[in-house]
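Undergrad: First the structure, which I've put down as structure tokens, then a few questions once you've had a look.
The values are calculated or read from the model by the stated rules, or taken from the named source; none is laboratory data. This one's a predicted model, so the numbers in the text were calculated from it and none came from an experiment. In this analysis, Cβ positions are derived from the backbone assuming ideal geometry, glycine residues included, and neighbour counts consider all displayed protein chains. For the accessible areas, the whole protein counts, side chains as well, though only heavy atoms, and no ligand, DNA or RNA atoms are used. Shrake-Rupley method; radii C 1.70, N 1.55, O 1.52, S 1.80 Å.
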Amino acid sequence: MAETQPINPDDDAPLIGRFSERHSVTGRFSLTARILIVNILPLALLSGGLFYLDTYRTQLIDERFKMARIEAQITAEALAGATRERQEALLVQIGREQRMRMRMFDAEGLLWADSFALADPAFELDDITDDTPAEEWARWLDGMIDTIVSAEDAPAYVEPEAQTADAFPELVQAREEGLSQIRLYEWLDGTPVITAAAPVGTRGATLLTVRNAVDITESVRSARSALVIAVLLVLAASALLSLYLARTIVSPLQLLARAAQKVRQGRERDVEVPRLPERSDEIGQLARSVSDMTLALRQRIDAVDSFAADVAHEIKNPLASLRSAVESLPKVKDADTRRELEQIATHDVRRIDRLVTEISDASRIDAEMSRATLERIEMADLIRAIVGSREHRAENLNHQIHLDARGFAAHVLGVGARLERVIENLLDNAVSFSPPDAPIQVIVDNDGECVTVLVCDKGPGIPEGSRDKVFQRFHSDRPDGEDFGNHSGLGLAIARAIAEAHDGSLTAEGRPDGAQGACLRFQLPAAE
């Protein structure tokens, strides 16, 4: 276990500030909102395809520009050497095949021939007054996207009243420069109108072609509409699924939060923390962990309450005896009686001091173990040192302690002072219950996974039904002839608490050889 370092608030101030700043940013949105944002964001990126379609439309128009220029130039060359009848026939034929309106103007700029006048019109510009809702929606979508992408507006296409070359800017420029000219216009329905002007021959005649590129707009609009509908459908499905996902996550978390809040407010007895047994995911694991934590908290509170009651009871007895002896002293004149009362008072003071010391030690075990650094300890060597020290202090009371180390070297990870306390308490217990001069056997074994220490005596033994009671606090079943009050009744309880704090155990059992006596089994995980 790593040693816990003291926290300096000043040193952690920058870290706390950074955490608070991050928390303030993410804390602005609820968990439901964040789930929605995460699921909808990819769809928002997908909708960017609408803007890509605008680039696609521009590329199509550029291609049509090139085609219109080439068509105008080829047609002008074909018309240059043809008779008037042939010219009119070419205008009608090419206009019908290419769905264009073709007009020729003479050197004076007067209209010479018009394919729409010579034959039925190859196309008609749309009348938007009778548009369907779908067509209106398509125009609205075009306008919205053009606004977002800041598309340049093409000038509106207007058919001049005067059918002369001077009424068309592209024809004027073509006559002046002698080169073909291209223009882009927009009709009322949003479709592009492409015009091309080219000189015909060398006598000043000019050709004007007009094409309503409806197919470009229809292609782009169809793709846009399909993409918009798909995005909206997926967006709706994603929103519903996100809300469902948020509900399955947020609702149980809210239940757990309310339960935790009630526990924090001190009403944990009234709280039923949901365990969500039907859920096997992380939320279910969290619910069961919180429920187990609450149960452990209740048990800890109960243990504290019980401990406090036991402490009050155990201290009250010697205090009552001490009070009686102190109050009687002034009234007693007999020297022997006064001496006896003084001995009783002294004994009670020592008993209270012993109780306070043991109680303080028992209450510090958990806190000390949480901060302690574990070290590698060889249990057989530790027990040898403890036995030698006890013999030097004459604490074994002429009992021979035989140590039998078996198996691998008995290495464990633990806190040396605390493990020493366990062994001392076990030996004290064995010495107390052993007959005079009876040997005490200590067996240390390591099977590779667990280190076991058995402390066996030849005393009266422990009845099977009482083997767990001996580890209860203030247990008072002492051997006959022992002076009352010499033991606090906390020794084995403290030893078990230390064993469990090391992920081990301490239990009582009969002797393995079947003889009279008791064995206390202390087990710890073996160190790797």
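Undergrad: For region 76-163, which whole percent of the accessible surface, found with a 1.4 angstrom probe, sits on carbon and sulfur atoms? Could you put the intermediate results ahead of the total?
TA: Values: 2840 of 5520 Å².
The computed percentage sits at 51.
Undergrad: Given a Förster radius of 22 Å and the C-beta distance between LEU245 and SER225 as r, what FRET efficiency does 1/(1 + (r/R0)^6) yield to the nearest 0.05? Please report the intermediate quantities before stating the final value.
TA: On the way: r = 30 Å, r/R0 = 1.36.
E(calc), rounded to 0.05, equals 0.15.
Undergrad: Starting from the Cα-Cα distance between VAL349 and GLU282, subtract it from 0.36 nm times their residue separation and give me the gain in nm to one decimal. Mind dumping the intermediate values first?
TA: Numbers: separation 67, 0.36 × 67 = 24.12 nm, distance 5.58 nm.
Length difference between fully extended and current span is 18.5 nm.
Undergrad: Here's a follow-up. Over region 182-293, what is the relative contact order in whole percent, taking alpha-carbon pairs under 8 Å and six or more residues apart? Provide the component values of the computation, followed by the final result.
TA: Working: 87 pairs, mean separation 14.3, N = 112.
Relative contact order here is 13 percent.
Undergrad: Say each of ALA237 and VAL326 gets a label point 7 Å from the Cα, pointing the same way as Cα to Cβ; how far apart are those two points in nm?
TA: 8.4
Undergrad: Let me ask something additional. Where Lys and Arg each count +1 and Asp and Glu each count -1, what net charge lies around LEU179 among other residues with Cβ under 12 Å from its Cβ? Kindly include the intermediate steps, with their values, before the conclusion.
TA: Details: positive: ARG69, ARG175; negative: GLU170, GLU176, GLU177.
Around LEU179, the surrounding residues sum to -1.
Undergrad: With a sphere of radius 10 Å drawn around the Cβ of LEU506, what net charge do the other residues whose Cβ falls strictly inside it have (Lys, Arg +1; Asp, Glu -1)? Could the numbers behind the result be given before it?
TA: Numbers: positive: ARG496, ARG521; negative: GLU500.
Around LEU506, the surrounding residues sum to +1.
Undergrad: FRET efficiency for ASP292 and ARG258, Cβ-Cβ distance as r, R0 = 22 Å, nearest 0.05? Walk me through the intermediate numbers first.
TA: Details: r = 18 Å, r/R0 = 0.81.
For ASP292 and ARG258, the calculated efficiency is 0.80.
Undergrad: Here's a follow-up. Tell me the carbon and sulfur percent of the accessible area for region 177-298, rounded to whole percent, probe radius 1.4 Å.
TA: Using a 1.4 Å probe with all protein chains present, region 177-298 comes out at 61 percent carbon and sulfur.
Undergrad: Packing-wise, with mean Cβ within 10 Å as the measure, how do 187-198, 432-443 rank, highest first? The partial results should precede the final answer.
TA: Working: 187-198: 21.7, 432-443: 16.6.
Packing proxy ranking, top to bottom: 187-198, 432-443.
Undergrad: Among PRO460, ILE423, VAL444, flag the residue with its Cα farthest along the positive direction of the charge dipole of region 417-476, charges on Cβ as +1 for Lys/Arg and -1 for Asp/Glu.
TA: Value computed over the given set: PRO460.
Undergrad: So, in nm, how far is label ALA78 from label GLU124 when the simple model puts each one 7 Å beyond its Cα toward the Cβ?
TA: Output for this residue pair reads 2.7 nm.
Undergrad: Could you order peptides 224-233, 165-174 by the average number of other Cβ atoms within 10 Å of their residues, highest first?
TA: Details: 224-233: 13.8, 165-174: 19.1.
Highest-to-lowest ranking by the protection proxy: 165-174, 224-233.
Undergrad: Can I ask one more? Ranked from highest to lowest mean number of other Cβ atoms within 10 Å per residue, what is the order of the peptides 157-164, 273-280? Intermediate results must be reported in sequence, preceding the final value.
TA: Working: 157-164: 11.8, 273-280: 13.9.
Final packing ranking: 273-280, 157-164.
Undergrad: In terms of modelled amide H atoms, which long-range or inter-chain residues lie less than 5 Å from the amide H of ALA113?
TA: Amide H neighbours of ALA113: MET104.
Undergrad: Next question. Could you work out the Rg to Rh ratio of region 109-246, with Rh taken as the Kirkwood radius (inverse of the mean 1/r over all Cα pairs)?
TA: On the Cα set of region 109-246, Rg over Rh gives 1.17.
Undergrad: Just the number please: accessible area per residue for region 149-286, 1.4 Å probe, all protein chains included, in Å².
TA: On the way: 7790 Å² over 138 residues.
Heavy-atom accessible area per residue stands at 56 Å².
Undergrad: Please list the equivalent ellipsoid semi-axes of region 64-118, computed as the square roots of five times the alpha-carbon gyration tensor eigenvalues, in descending order and whole angstrom.
TA: Each semi-axis is √(5λ); the values are 17, 13, 11 Å.
Undergrad: Would you please give the residues with an amide H less than 5 Å from that of GLY459, counting only those at least 5 places away or on a separate chain, with H modeled from the backbone geometry?
TA: ALA518
Undergrad: Quick one: net charge around GLY284, please, counting Lys, Arg +1 and Asp, Glu -1 for every other residue with C-beta under 12 Å from its C-beta.
TA: 0
Undergrad: Follow-up question, since we're still on this one. In nm, give the distance between the simple-model label positions of GLU85 and TYR185, each being 7 Å from the Cα along the Cα-to-Cβ direction.
TA: Modelled inter-label distance: 3.4 nm.
Undergrad: How much length is gained on full extension from GLN98 to ASP513, taking 0.36 nm per residue of separation minus their Cα-Cα distance?
TA: Working: separation 415, 0.36 × 415 = 149.40 nm, distance 11.30 nm.
Value of the extension gain: 138.1 nm.
Undergrad: What is the extension gain from THR55 to GLU500, computed as 0.36 nm multiplied by their sequence separation minus the C-alpha to C-alpha distance, in nm to one decimal? Please list the in-between numbers first.
TA: On the way: separation 445, 0.36 × 445 = 160.20 nm, distance 7.23 nm.
This chain segment gains 153.0 nm when fully extended.
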